[in-house]
1. Whole angstrom only: what separates the Cα centroid of region A:90-126 from the Cα centroid of region C:141-161?
2. Please compute the volume of the convex hull spanned by the alpha-carbon atoms of region C:221-294 and report it per residue in Å³.
3. Take region A:137-204, drop everything but the C-alpha atoms, weight them equally and run the Debye formula without solvent; then report log10 I(q)/I(0) at 0.15, 0.20, 0.28 Å⁻¹ to two decimals.
4. Nearest 500 deg cm²/dmol is fine: what mean residue ellipticity at 222 nm does chain C get from its DSSP H runs of n ≥ 4 alone, each adding -39,500 (n - 2.57), divided by its residue count?
5. Ranking request for peptides A:193-203, A:61-71: highest mean number of other beta-carbon atoms within 10 Å first, then the rest in descending order.
6. Partner chain Cβ atoms within 10 Å, averaged over the residues of C:107-114 - can you pull that number for me?
7. Explain nothing, just compute: Karplus ³J(HN,Hα) = 6.51 cos²θ - 1.76 cosθ + 1.60, θ = phi - 60°, for every residue of region B:177-189 in order, whole Hz, x for Gly and Pro.
8. Taking H as built 1.01 Å from N, whose amide H comes closer than 5 Å to the amide H of B:L101, not counting residues under 5 places away?
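Computed from the coordinates by the stated procedures, all read-outs in this text should not be read as laboratory data. Because the structure is predicted, anything quoted here is derived from the model rather than measured. Cβ atoms come from the backbone with ideal geometry, glycine included; neighbour counts cover every protein chain shown.
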Amino acid sequence: MSEIPMNTGEMQVSGRRLSDLVKLVARHRVIAVLAFMSVFPFIMPYEALAVNILIYGLFALGFNMVFGYMGVLSFGHAAFFGMGSYGTGIAIVHFGAPWPVAIGLGVVVAGITAMIMGAMAIRSRGIYFAMVTLALAQCVYYLIYQMSDWSGGEDGLTGVTIGEIDLGVVSFNLLDPTAKYYFMFTFVALAVFIFSRILASPFGAVLEAIRENENRARACGYNVQLTKWITFVISGLFCGLAGALNAIHLSVVPIESLHYHLSGQAVMMALLGGMGTFFGPFVGAMAFLLLEDVITLITIHWQLFLGITFMIFVLFFPKGIWGSILHWVSR
Amino acid sequence: MNSISASASDFLRAEHVTMRYGGFTALSDVSVSFPKGQLTAIIGPNGAGKGTLFNVLSGAFPPSEGKVIYEGADITGTPQHKFARLGIAKSFQITNVFPQLSAQENVRIAIQALSCRYDIWSPRSGLKAMQEQAAQLLDMVGLTDHHHRLAANLAHGEQRSLEIAMALACDPRLLLLDEPTAGMSPEETVVMMDLITQLASERTVILVEHKMKLVMGICNRLIVLHHGEFLAEGTPDDIRNNDEVRRVYLGQGNH
Amino acid sequence: MDGITLNLFALQLFTGLALGSVFVLLAVGLSLIFGLLTVVNFAHGAFYMVGAYVGVFVLGLTGNFWFTLAAVPVVVGSMGVVVERYLVRPLYGRGIDYPLLLTFGLGMALVEVVRIVYGLEGVPFDTPKELRGAVDLGFGFFPLYRLFLIGITTVLVMVLWLFIEKTSYGLVIRAGARDPEIVRVLGIDISKVWLIVFAIGTGVAGLAGVLSAPMRSVIPDMGSTVLVEAFVVTVVGGMGSLVGAVVAGLLVGVVVSMTSLFWPSLTDLSMFALMAAVLLVRPQGLFGKKGLMG
């Protein structure tokens, strides 16, 4: 940057400070995410957008475990998000289940979907995996579409409302946007904590090993197929939670929650933010949704802008926003 | 078909191994055995089937026909990931490490494969014993100053040493090395050969090598393949004096 | 089975073959590109859609269906040339996922460009006069246009097959699919081969678009479902196999068409059931090489 050589010493100092800060943030990544998110609604133009970023950030986070950390590209994650939504929605609408049960059920249903899809897709390697997962997810889409008595078919599932929440000590109403945000925040915070633990675990190391060199991991003694399947299912659980929260957030489950375009959104958010980084998915979700919010004010052709932006990132900034920052700081 | 008798003392044995790819036969009815505690080299000119035999022995793929017997048990078709747990480790011909991880993490992951493969909860940083073991292995292969460098940033010879360290992680009783000095400078080659000699004093080592001269000095036994068939076996002296070997191998260009 | 059901069965079989013809064209292009470039073209559905719209445009300009049919693959193929040269090529050697991601973004942008030009509503595309009506096949009347579709697909596949198997250029393509190094050693510019193959693949996708325009409505989103169908066919047939693309395309077409006859409510799901069965029994696809799958 600087053309004056005498300044380099000073710049190194400030650079070191900056990288110290980044290291600090990276070391306490859970706290950093939560601290930021707890004040997040106050910096966003409106709370619903903050809730969206929370939910889609979680979705992209779950997806990133497979794509960013294990290095396997899936185009089927909409199935987990969508089944999480429908699981929760159907429990509330058709069975009048209390909200904790409904959310739990959504996560379980997403997990079971991931188990089945994973078992079928995991035998296919590399590039095939993206196609197979996309097709299988689309199969789930048509299946739910057909079951219109349960799912509402094309119109989606309406009436997923839980209104007043009474926790004994406190009670609040989800119609209050701020209350809703912190309700969602609690779940996401828990998920982020668990996610971080998994990444920091010995299992997390195996994921990276598979990403770096699948054959070597196998020669080391890891059952690569089984590890991939387990990761796929864990990732599905996180995405299922995101879907479950989205059903409550929207009060409806649109059939689009299962469409592969949504899988594509997870891919784009993860890549825009920085795949294989902890903050990347949330950064990506924020960039994506904020841009969408701004661009759609100007033109209805947001998708053109998005498509081109995404291509530019793939071509020139494959590390994504947060990944590029990390790279720049660590130099 | 040859001098190999199926004695119980054989540590690893290939029985009538044939490998076909489509219409091409890479290995044809090869039966060889590897006694315990010896350093055996498999040699042969290009296209002899050394690499194929190595892959069959190390479980990369099962043979079209025949069996692989290890410590008296048939291990033909055993999935690759179970080999480390059987005490069989290998290094690859093409350098095969985890490039974007540190050298120490490379080795630690290899060590971890023996004990905790599916622990998704306890923190990795608590695995102190594994880290120390990894550090020791790195010291042993001569990477003392490079524990925290990314594997991708190591020199070629250092990456190969790292691979040996990873192979040693499971404390193998049988070590399979596929052309461990490929692409190395003469200096690096000398260091690697010393290391292999040292390793062979404690375990059974099978080495695939293209350069015959390199292994003559260090190995106990040699197995020579030619055109996918067994040609000869014996001590380095036997092989040196074997006319057939001379004809197909040594005569063909001085390796 | 009495005569009427048998006739219905035969008619439905032909309907399936016509449907399958479109699948064949899509999968052949996808498979060809993958076989040589190891690129999964996620914009394949978008090129199909663009083909239909270029058809609408050219037909409106000239009023000649046959000219349109010839012009569309040339136009869409040329677009493919630009895309391969300037967008996909910089990504070779950067990991197999990147071209896929790029084409995904490209597909999205292309759909939106068409929306800007033609709007969200569908545009009509009339069946050409010469191909209207139905022919008596002995067991019932079958739409002439669909028969034409089966015919032109057969011819096209034959031409492609002859091109790849019998010409010296095809030899280079086959060699390149096995090992790009060999082609380079022979002193042939492999990047030119890639460019041409990408152009052929996208051109055929565009042709499939304009050919199905009279049967399916021409809307900007038409490529979205088609992409999934093409993937299913490719997974069933085996990635990178032309024979697989043809057999699987027809098979999927017939399965879908038969399901709609016997269990109408399961029509949309039938092709996925077929795919699931293939994945379980033969994960590399019916004609796929083992190497791609674990």
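1. Region A:90-126 and region C:141-161 have Cα centres spaced 44 Å from each other.
2. 89
3. These q points yield log10 I(q)/I(0) values of -0.84, -0.87, -1.08.
4. -24500 deg cm²/dmol
5. By packing density, highest mean first, the sequence is A:61-71, A:193-203.
6. 5
7. 10, 9, 6, x, 9, 4, x, 8, 6, x, 5, 4, 4
8. B:A151, B:A152
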